[in-house]
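K.L.:
Questions regarding the structure given below will be posed in turn.
The numbers here are math on the coordinates, done by the rules we state, and not lab data. Being a predicted model, the structure only gives us computed values, none of them experimental. Note: ideal-geometry Cβ built from the backbone for every residue, glycine included; neighbour counts use all protein chains shown.
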Amino acid sequence: MNKQKHLLKYFSIGILTLSLSLISCEDELTNETLTTKSEEGGGDIKCDFEPYGLYFDNGVAQVSTNNMLHFPSMDSFYQTLDDLEQQVENHEDSFVIPNSNLSEDDLNDLEESSGFNADLPLDEFEQSHEFYSLRKDVLIAEEAFLDTSDQPGFDWANDPDDVPLIDGIERTVFNPQQEVIICNMIYKYVEDGLIGVNMNNANATDILTAANNGASGEELADIYGGKEEEAGDLVFYPEITDEADCFYNLNKVKRFFQGSYKMKNKQKMKGNPGPFHYVFKAVTKNYKKKRKWKKRRIKSYARIVGKIHDIYIGCGSLEPLDKSSSHKKRRRREVSHRISRSLGANANGVPLSSIIGTELGQLESEHKQHSWIVNWTYEP
């Protein structure tokens, strides 16, 4: 009971703080731009209707001109993800379709010899904002890791690709510290949930620095989060605790080997995302080993099948997923299936508070590589 009151206190604080920030942002956006003062008093930050990069002190050494991406709204954030996903698909098709007559090995050899960069749209997006992303950080570390796969002591448990944000497109808009700015709020994923802090708050840098040095969301809320119903310096969205046969948060990786092939499967369920959409994800990532393990372009798919909670009722009420969801096999290094649910918001723009998950034995991800199929049940 005490824990429920504790979580309710943080949720109430979060709703009040987020409501105030969104009302303020909405009022100012009606004048075509949002103007806020930077932490260091060095002029205005204009919140235009396009994303852009900026630098904000988060206590981490600077490795690029801009260390965060700023989006004027949640709509802009999700539209950017959709646009980038489509650009990547079109770019991939521009290579795969004209070479559809080639065998798997010949296609991969051609990709290597021609220098085709499957991530070119993502690279160009990041470069245009002078921004170093979580995606790029993981990619560099993963390439170095795979390059040691012929060495004694190589262990998949050390795979740098195993980070909480499993989607490559989503990783493109977050920095390596898993931070992004929406309107005037900086959102950061922490081990026990999500925190949000107004970028104009005098304690914003101290909060981010503490989080990047290992402080949990609950610890930060105890220090900065205010008391009772009063808004504090941050918004804390703790992970929702599983109850009975219902569960809401999941982030798992499994690896399956078949001869010289490996299929890495990922599952993600984000049941208390604060202002973000509720998301279920499945990813299939393909590898093949000759002397070393390499990511390979292999015909594959990922999809999610089964039932999730009714978005307005939650635990105890299930609805089937749309069976017509696209999951065609494609010759890709990585394929994913994402299901998003948005509950909408109240009159002040604050997201509705229902939580979504699934129940034991009701949801699974299906992963296919060649004719090899793995079905994996979502369970805590």
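K.L.:
Could you run the Karplus curve 6.51 cos²θ - 1.76 cosθ + 1.60 with θ = phi - 60° over region 103-120 and give me ³J(HN,Hα) per residue in whole Hz, x for Gly and Pro?
P.N.:
The phi angles translate into 6, 4, 5, 5, 5, 5, 5, 5, 4, 5, 6, 7, x, 4, 10, 5, 9, 3 Hz.
K.L.:
Hey, another quick one. Give the order of 239, 142 when sorted by the count of other beta carbons within 10 angstrom, beginning with the fewest.
P.N.:
Values: 239 18, 142 15.
Listed from fewest to most nearby Cβ atoms, that is 142, 239.
K.L.:
Could you derive backbone 3J(HN,Hα) for region 210-219 from the dihedral phi with the Karplus parameters 6.51, -1.76 and 1.60 (θ = phi - 60°), listing whole Hz in sequence and x where the residue is Gly or Pro?
P.N.:
4, 5, 6, 10, x, 5, 7, x, 5, 4
K.L.:
Taking the Cα-to-Cβ direction at residue 317 and at residue 65 and moving 7 Å from each Cα, how far apart do the two end points lie in nm?
P.N.:
Label at residue 317, label at residue 65, 5.1 nm between them.
K.L.:
Could I ask something else about it? Which residues' amide hydrogens lie under 5 Å from the amide hydrogen of residue 55, considering only partners 5 or more residues apart or on another chain, with H built in the peptide plane?
P.N.:
67
K.L.:
Here's something else I'd like to know. Past 29 Å, Cα to Cα, is the threshold; run 268/329; 136/264; 188/292; 188/288; 268/368 against it and keep the listed order.
P.N.:
Working: 268/329 21 Å; 136/264 19 Å; 188/292 35 Å; 188/288 35 Å; 268/368 17 Å.
Pairs exceeding the cut-off: 188/292; 188/288.
K.L.:
Something else about it: Starting from 0.36 nm per residue, how many nanometres of slack lie between residue 241 and residue 373 once their C-alpha separation is accounted for?
P.N.:
Numbers: separation 132, 0.36 × 132 = 47.52 nm, distance 3.19 nm.
Stretched fully, the residue 241-residue 373 segment lengthens by 44.3 nm.
K.L.:
Give the shape of region 163-220 as rounded, prolate or oblate, defined through the alpha-carbon gyration tensor: a ≥ b ≥ c are the square roots of its eigenvalues, a/c under 1.5 means rounded, and otherwise the shape is prolate if a/b is larger than b/c and oblate if not. Write down the numbers at each step before the final one.
P.N.:
Working: a/c = 2.22, a/b = 1.31, b/c = 1.69.
Oblate, because a/c is 1.5 or more while a/b does not exceed b/c.
K.L.:
Only counting other Cβ atoms within 10 Å, I'd like 283, 235 sorted with the fewest neighbours first. Walk me through the numbers on the way to the answer.
P.N.:
On the way: 283 21, 235 28.
Lowest to highest Cβ neighbour count: 283, 235.
K.L.:
Something else: For the pair residue 57 and residue 103, how long in nm is the line joining their label points, each one 7 Å along Cα→Cβ?
P.N.:
In this crude label model, residue 57 to residue 103 measures out at 6.0 nm.
K.L.:
Can you give the FRET efficiency for residue 329 and residue 202, using 1/(1 + (r/R0)^6), R0 = 56 Å, r = Cβ-Cβ distance, to the nearest 0.05? Intermediate values should be presented prior to the final figure.
P.N.:
Values: r = 53 Å, r/R0 = 0.95.
The pair residue 329/residue 202 has a calculated efficiency of 0.60.
K.L.:
Evaluate the relative contact order of region 85-181 (contact order divided by residue number), counting alpha-carbon pairs under 8 angstrom at least 6 apart; express in whole percent.
P.N.:
On the way: 57 pairs, mean separation 30.7, N = 97.
Over region 85-181, the number comes to 32 percent.
K.L.:
Also, I was wondering about something else. Give me the one-decimal nm value for the distance between modelled label points at residue 79 and residue 117, 7 Å along each residue's Cα-to-Cβ direction.
P.N.:
2.7
K.L.:
Nearest 0.05, what FRET efficiency do residue 261 and residue 222 give at R0 = 35 Å with Cβ-Cβ as r? Mind showing how you got there, number by number?
P.N.:
On the way: r = 48 Å, r/R0 = 1.38.
FRET efficiency, residue 261 to residue 222: 0.15.
K.L.:
Give me the net charge for the shell around residue 355: Cβ to Cβ below 14 angstrom, other residues only, Lys and Arg +1, Asp and Glu -1. Don't skip to the end; give the middle numbers.
P.N.:
Numbers: positive: 270, 341; negative: 239, 242, 243, 310, 359.
Computed value for this residue: -3.
K.L.:
Between the alpha-carbon centers of region 85-102 and region 155-195, tell me the distance in whole angstrom.
P.N.:
So the two Cα centres are separated by 28 Å.
K.L.:
At 0.36 nm per residue, minus the direct Cα-Cα distance, what do residue 143 and residue 290 gain on full extension? Give it in nm, one decimal, please. List each step's numbers first, then the result.
P.N.:
Numbers: separation 147, 0.36 × 147 = 52.92 nm, distance 1.56 nm.
Residue separation times 0.36 nm, minus the Cα-Cα distance, leaves 51.4 nm.
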